[in-house]
Amino acid sequence: MSKKIKRKTENYLKVSLGILCMGLAIYIVSTVFYRVKIDLTDEGIYSLSKGSKTLLSKLDSPIRLKLYYSKTAANKGSEGLRAFNNYFLYVHDLLKEYVTNSRNNLTVEVIDPRPDTEDEEEAEAFGLKRFSITETERYFFGLVAISDSGSEKVIEFFDPNKRDGLEYEITKLIYSVLSPQKKKVGILSPLPIVKDEVTPYMAQLMQMQGRQVEQSWPIINMLREFHEVKNLGRETETISGIDTLFVIHPNGLSDQTLFAIDQFMLQGWKVLVLVDPHAFTGTPQNIPPPQMGGMPLNTSPDDKFRLMMEKWGITAIEGAFAGDKYLSAMGRLSAYDPPTRLLPLMACNRRCTELHKDPMTRGLEQLTFFFPGALKALNVDGVSVESFLSTSDKGSTYEVYPHELSDPRIFWNKMEDGKEPVVMGMKAFGKFKTAFPDGVVIEKKSSSASADKNTKKQTEKKTGLIESTKDGIAVVIADVDFIATQFAFKQSFLGLSAANDNSTLLLNALEALNGNIDLMSVRSKGHVNRSFEAIEAIEFEADRKTEKKAMEINGNIARFEQELAELSKQANQDNLALIQNESLKKKKALSRKIVDLKKELREVKRDGREKVEFIGKVFQYVNTLLIPLLVMAFGIWFLHFRKRKRLYGKRGEIYFS
C-alpha cells in the first residue's frame, strides 16, 4: 500500500515539475527569443528581404511611421470592410519587422482617426485616401513617413489586392524619405511617350475649356516616383545633365542625335534602349491592309542605330521575331472570336529568367511581350556581354510580313520549335569605341531668321571621343510594347495598377543602371507563381492539336468557297442546272467532312480535359483517402507499440519481484 502511495506522490511531483518547466520554457522563449523567427517559404514571404535590411542598416537619423487605420469605423461597416482588420494586422506586424531591423531609428504609431478630431484632420492634410461609410464615419488606411529633417512621404491607401508588393511599397517609402534627391533620367524617343506634367486642377480646367489633355504613358508617371524625368524629344544636339539615357524605339534619328548618344556613352554614362522590329504601340491605326509580298517587318533599330549597338557588342537580328509556342498566351483577334493561342503574344514565366540568374529579372514570373525581337552577342574587345532575358529552350525566330498582321494565327505554322533559347534582353559593360571615328557632318543652323531659301545650306563637322574614358553600361530589351498601357497595366477601382511584372522589369533595369540594387531586390520579391507544369503541358498539347484541327476545318471551308466561286464563273444558261447540281453535291460532301473533323476536334478537347480531370481526381483521392489512411495506420502502430511496451514492463516487474 505504501508503495502505491509513494508512486502516486512521485507522479504528482513529475506532473507539477513538467508544468513548471513548460511555463518556464514559454516565458524564456517569449521574452528572450521572441525576435527569432523561421520563414520556411521559398521566397521568404514572411520575412524582410536582404535589400530592405540593407536599406534599414543605412538609417542614421530617426524616421517616424504613422499608420492610420479606422478600426472603429471598419467594425461598424460591412462584413467586407471588417475583413480589412486581418490585413491591418499583417501590415502592422510587417512594420514591427522594420522597427526590429532599424537599430532603433524607426518608430511606429498606430492612429485610429475618429470624426471631428485632430487625427482625422491630419490624415486628410497628409493626402490619405478617404472613403465615406456613413454621413459622419470616414475610413482611412494609409501610412505616413516623417524624417527628422521634416521630409514627408505617404502611402495613400493599402490595397489588400497588392499584398505581394507590400514590402516594396514600404521600403520605397523609407527610401524616398532617405533620398529626396532623385536620379535624372533623360528620355529620347520618336513616340509621344512623355508629356508635360499637368496638375489635376489644370487638367479639369482644360477639359472645361474643351481642350484635350495630353498625358504621359502611365509607365512614365511611375518612373517619376523615383527619378527626375527629362524629355529630350526625338532630336537633340548634346546630352548632358542626366545620369541615365533611356532610348525608346530608335528609328529615323538624325546623325546629330546619334552622335550625341555615342558621345554620351563614351563619357562612361549608362543607356537603356528598347528596340522592336514591330512596335504595335507606335504603329498608326486604321490604315488600309498592306498588299501581299514586300519586305519583312524591321522597324527598330534602323541601320544607323544598329551600327552603334554593334560597338556595344549587341546586335538585333534583322527581321527576326522571337517566338516560343510553349510561352504563347491566349488572346482574341476580335470580340467575336474564341480565345486562341497567339505566337506573337508571349507570357514569360520563370523559364525566361531562371537560366540567367540576373538581379534585374530575379523573381519576375509574369512578363508579357508582344512581337518581341531577337538579340545576339558580338565579340568586341574590352566589352563584356551578358543576357538576362530569353525564351525557353524551345524558342525560335520567325519573320513577319506586313500583310500577315491581320491574322497572327498564321505564324503558328510558320515557326518550328528550336533547340536553344532566343535572347530578348542583353547588357554590355566595358570601354566602348565610337561609331563615328571620322566624326559627323551636320547642317549648320542659320543665325538669320530671314535667310534666303535658295542659299546653299552650310554644314560643319563635329568630332569627339574615339574611345570611352571610363567603363559604360548599355542595357537592351527587344520590345517596346511591354511598357505600353494595354500590356503593363489594368484598371481597378483605385485607378491604374500594374497587371504583371512588366513595369517592375523596366524599373529594375533603371535601378541597376543607377546603382540602387537594394530597392531593386525588394521589388523583385513578391508573388510566387507555383504552376502545375504537368497540367499545363497536357493543356498545351491539347491546344496545339485543337488549333491544327481548327485550321484544317477553316482551310477546307476556304477551299470550298473558292471551288464554288470557280463553278459560278463557269455557269451559263446551258449548264446552269448542271453546275447547281454539282455545287450541291460538293457542298454536301464537304459538310460531311467538316462534321467528321469537328467530331475529331471535340475528341481532342475531351481527351485533354479528361487527362487534366484525372490528375485532379488523383490529388483529390490523395487528400481525402491516402492522408487519413496514413494517419490511421500511424495511430494503430503507435497503439500497438504502447501495448507491447506495457506488456514487457509488467513482465519485468513480475520477474524481479
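The values are calculated or read from the model by the stated rules, or taken from the named source; none is laboratory data. Remember, it's a predicted structure, so these values are computed and weren't measured experimentally. Don't worry about glycine lacking a Cβ; one is built from the backbone with ideal geometry, like all the others, and counts go over all protein chains shown. SASA here: full protein model, heavy atoms, side chains in, ligands and nucleic acids out. Shrake-Rupley method; radii C 1.70, N 1.55, O 1.52, S 1.80 Å.
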In nm, to one decimal, how far is the K444 label point from the A125 one, both placed 7 Å along Cα→Cβ?
6.2 nm
Distance (nanometres) between label positions extended 7 Å along Cα→Cβ at K599 and L625:
3.5 nm
For K184, residues with placed amide H under 5 Å, excluding near neighbours
E228, D243, T244
Table column - 3J(HN,Hα) (Hz), segment 433-439, Karplus curve with 6.51, -1.76, 1.60, x for Gly and Pro:
9, 6, 8, 10, x, 9, x
I'd like the Karplus ³J(HN,Hα) series for segment 144-153: coefficients 6.51, -1.76, 1.60, θ = phi - 60°, whole numbers in Hz, and an x wherever there's a Gly or Pro.
10, 10, 10, 7, 5, 8, x, 5, 10, 9
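How do the peptides 628-637, 185-194 rank, highest first, by the average count of neighbouring beta carbon atoms within 10 Å per residue? Walk me through the numbers before you get to the answer.
Numbers: 628-637: 10.0, 185-194: 20.6.
Averaged packing, sorted descending, gives the order 185-194, 628-637.
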Ranking request for peptides 96-108, 307-319: highest mean number of other beta-carbon atoms within 10 Å first, then the rest in descending order.
307-319, 96-108
Using a 1.4 angstrom probe on the protein heavy atoms only, line up H356, H640, H227 by accessible area, largest first.
H640, H356, H227
Of the trypsin sites (Lys or Arg not before Pro) in segment 349-435, those whose Cβ has at most 14 other Cβ within 10 Å and which sit in DSSP loop
K357, K419
Scattering from the C-alpha atoms of segment 121-276 alone, worked out with Debye: what is log10 I(q)/I(0) at q = 0.10, 0.16 1/Å?
-0.54, -1.09
Any GluC sites (Glu not before Pro) in segment 116-191 that lie in a DSSP loop and have at most 16 other Cβ atoms within 10 Å would be E135, E137, E156
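Rounded to the nearest 0.05, what FRET efficiency do K376 and F638 give with R0 = 51 Å and r taken as the Cβ-Cβ distance? Could you check? Write out the running numbers ahead of the final one.
Values: r = 63 Å, r/R0 = 1.24.
For R0 = 51 Å, the calculated efficiency reads 0.20.
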For segment 354-448 (alpha-carbon point model, no solvent) the Debye-based log₁₀ I(q)/I(0) at q = 0.12, 0.16 Å⁻¹ works out to -0.63, -0.88
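Going highest first, how would you order 16-26, 253-263 by mean Cβ packing within 10 Å? List each step's numbers first, then the result.
Details: 16-26: 10.0, 253-263: 20.4.
For the peptides 16-26, 253-263, the packing ranking is 253-263, 16-26.
Taking 25 °C and 0.890 mPa s as the conditions, I'd like the Stokes-Einstein D for segment 307-414 in µm²/s, using the Kirkwood hydrodynamic radius from alpha carbon pairs.
Values: Rh = 15.3 Å.
Result for D is 160 µm²/s.
If you stretched the chain out fully between L24 and E197, how much longer would it get, using 0.36 nm times the residue separation minus the C-alpha to C-alpha distance?
Details: separation 173, 0.36 × 173 = 62.28 nm, distance 6.24 nm.
Value of the extension gain: 56.0 nm.
Want the number for D255 to E235: 0.36 nm per residue separation, take away the alpha-carbon distance, what's left?
Numbers: separation 20, 0.36 × 20 = 7.20 nm, distance 0.96 nm.
Additional length available on full extension: 6.2 nm.
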For segment 62-73, in order, what is each residue's ³J(HN,Hα) by Karplus, 6.51 cos²θ - 1.76 cosθ + 1.60 with θ = phi - 60°, in whole Hz (x at glycine and Pro)?
x, 10, 9, 10, 10, 9, 8, 9, 7, 5, 4, 5
